[in-house]
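In what follows, a single structure is set out as structure tokens and then discussed.
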Amino acid sequence: MAIKLRKLIVQVDETRIEMGQTIDPPLRRAVAIAVIDNPYAGRYVPQLDALIEAGEELGGLLGKRCIEALGIEPGEAQSYGKAAIVGEAGELEHAAAILHPKLGAPLRAAVQKGAALVPSAKKMGTLGTAIDVPLGHKDAAYVRSHFDAIEARVADAPRANEIVVAVAVTTGGRPLARIGGLQASEIKGEDGLR
């Protein structure tokens, strides 16, 4: 990786009981977080190629780490999402350069298919800033049961010249989802919407 990777964190959230109801199998959500150096911190640069390339590497790395942490096969992943927090010496466009041009393709490969857009969030922040990584079904954006989020936060990041990049993957939708709409069992997965 051309970008310096200072820290890599992987967390798994497992819900077994919700509102007194047993969740079987438990819902498992993983978030993999990288803390990287921002090569453009403190200055305006018209082309953000280094961050675009970093996004491609991080999509595969973080996606695979989520799959490994969940202990599932790639095709068993149901939801995904991505987010980034830029330190104060950077700009919001630095997060966009990582998240949008190239991160998606290797993440989709890590979770097998991924026909739907990868939900995303970005913000500026400082040490300990949290961000909610939005989640949506990987193959059909209209599956309401999978609209969710998981928090990502690193106590000592981002420093002014860093960017925190997070990818999340789940084994299912929200526990006890019951607001109707397209069901996961009804997905055609042809256009990423239904």
(message) Restricting to segment 121-143, name every residue that is assigned to a strand (DSSP E or B) and either among the aliphatic types (A, V, I, L, M) or more than 21 Å from Arg194 (Cβ to Cβ) (or both).
(response) Ala121, Lys122, Lys123, Met124, Ala130, Ile131, Asp132, Val133, Leu135
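Residues that are part of a strand (DSSP E or B) and surrounded by fewer than 20 Cβ atoms within 10 Å (Cβ to Cβ): does segment 63-72 have at least one? Step through it out loud before you land on a result.
Just the residues of segment 63-72 that are part of a strand (DSSP E or B), to begin with: none.
The answer is no; no qualifying residue exists.
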(request) Kindly provide the set of residues from segment 115-129 that are buried (at least 17 other Cβ atoms within 10 Å of the Cβ) and within 13 Å of the chain's Cα centre (by Cα), ordered by number. (result) Val118, Pro119, Ser120, Ala121, Lys122
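Taking the residues in segment 153-171 that are among the small types (Gly, Ala, Ser) and under 15 Å from the mean Cα position of the chain (by Cα) as candidates, determine which candidate is nearest to Pro119 (Cα to Cα).
From segment 153-171, those among the small types (Gly, Ala, Ser) are 155, 157, 160, 166, 168; that's our starting set.
Add one more test, that the residue is under 15 Å from the mean Cα position of the chain (by Cα), and what stays is 166, 168.
On the way: Ala166: 12, Ala168: 10 Å.
Within segment 153-171, the match that is nearest to Pro119 (Cα to Cα) is Ala168.
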(request) Just one of (1) touching a residue at least 60 places away in the same chain (Cβ under 8 Å); (2) surrounded by fewer than 15 Cβ atoms within 10 Å (Cβ to Cβ); (3) closer than 20 Å to Leu92 by Cβ trips up Asp49, so point out which. (result) (1)
(request) For residues that are surrounded by fewer than 22 Cβ atoms within 10 Å (Cβ to Cβ) and hydrophobic (A, V, I, L, M, F, W, C), tally how many sit in segment 132-151. (result) 4
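Name the one entry in Ala105, Ala110 that is in a helix (DSSP H, G or I), surrounded by fewer than 16 Cβ atoms within 10 Å (Cβ to Cβ) and of a type in the set (Gly, Ala, Ser). Explain how you work it out, then say what you get.
Details: Ala110 fails: surrounded by fewer than 16 Cβ atoms within 10 Å (Cβ to Cβ).
The unique qualifying residue is Ala105.
Look at Arg174 and say whether it is surrounded by fewer than 18 Cβ atoms within 10 Å (Cβ to Cβ) and more than 13 Å from Val35 (Cβ to Cβ). Talk me through it step by step, then tell me what you get.
Working: surrounded by fewer than 18 Cβ atoms within 10 Å (Cβ to Cβ): no; more than 13 Å from Val35 (Cβ to Cβ): yes.
Criteria not met by Arg174.
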(request) Would you confirm whether any residue within segment 181-191 is assigned to a loop (DSSP other than H, G, I, E, B), over 29 Å from Ala50 (Cβ atoms) and free of Cβ contacts under 8 Å to residues at least 40 places away in the same chain? (result) yes
(request) Restrict the check to segment 43-51 and report whether at least one residue is more than 24 Å from Leu107 (Cα to Cα) and either of a type in the set (Phe, Trp, Tyr) or in contact with a strand residue (DSSP E or B) (Cβ under 9 Å, 6 or more places away or on another chain) (or both). (result) yes
(request) Give just the number: which of (1) modelled with pLDDT of 95 or more; (2) buried (at least 17 other Cβ atoms within 10 Å of the Cβ); (3) part of a loop (DSSP other than H, G, I, E, B) does Ala160 not satisfy? (result) (2)
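Would you mind finding the one in Ala95, Ala116 that is of a type outside the set (Val, Ile, Thr) and under 30 Å from Gly42 (Cβ atoms)?
Values: Ala116 fails: under 30 Å from Gly42 (Cβ atoms).
Answer to the selection: Ala95.
The values are calculated or read from the model by the stated rules, or taken from the named source; none is laboratory data. Given the structure is predicted, the values throughout are model-derived calculations rather than measurements. Note: ideal-geometry Cβ built from the backbone for every residue, glycine included; neighbour counts use all protein chains shown.
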